[in-house]
Amino acid sequence: MMDFSAYFTATAGASAALMGLLFVALQFNLEKRQADIRWRPIAQGTFNIFAILLVVSLFELIPIVQTYDGQRLLFILIPAIAIFRQIRTWLPVWGSHKMDRLLHTIWLMLIPVLLFGLMIFNVLNIQPSADAVAGVQSAEAVLLVFLFLTALRNSWQLVLEAGLTTPKP
């Protein structure tokens, strides 16, 4: 059986650190971000991704979760909550955006939702066996990397692009 404890320890630490850094970075140019409605859901969605990365990584370090049933529960319940939170965060924005921003909004919401959906799909398609837990953890470890990349992309937009743009009257 493969040991993923070092990986999940690293992802927990990295997600917690990046969540804290993003929180601090958002404090700069706060008035510009508050003037434009699109930055709030990007921030909430990004914090949601970092929080899910942290929670999944911490749960993976608990020995009882290292069972097949523990993996199924973890990777069905937490991604389902994350999908709900992502959709709830972005729904109010869809009505307020013009068509040019609609595709961008769908992109920012759809990628995390698809990755969370892949987590659920992955765990539902693995049959119980001696290597089932390692199989789930391997696939989920790869998906966590893609979630990190998505969160970093969103963070980049929040920190750099929001600070450089001026709100439209």
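The values are calculated or read from the model by the stated rules, or taken from the named source; none is laboratory data. A quick note: this is a predicted structure, and the numbers were derived from the prediction, not measured. Counting neighbours? That spans all protein chains shown, and the Cβs are built from the backbone with ideal geometry, glycine included.
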inquiry  = Can you say whether VAL145 is buried (at least 19 other Cβ atoms within 10 Å of the Cβ), in a helix (DSSP H, G or I) and not aromatic (Phe, Trp, Tyr), as far as the supplied structure shows?
reply    = no
Practice prompt. Return yes or no: is SER138 closer than 24 Å to ALA17 by Cα, at pLDDT below 85 and surrounded by fewer than 18 Cβ atoms within 10 Å (Cβ to Cβ)?
Written response: yes
query = Can you spot a residue in segment 57-80 that is part of a helix (DSSP H, G or I), within 19 Å of ARG153 (Cα to Cα) and modelled with pLDDT of 85 or more?
reply = no
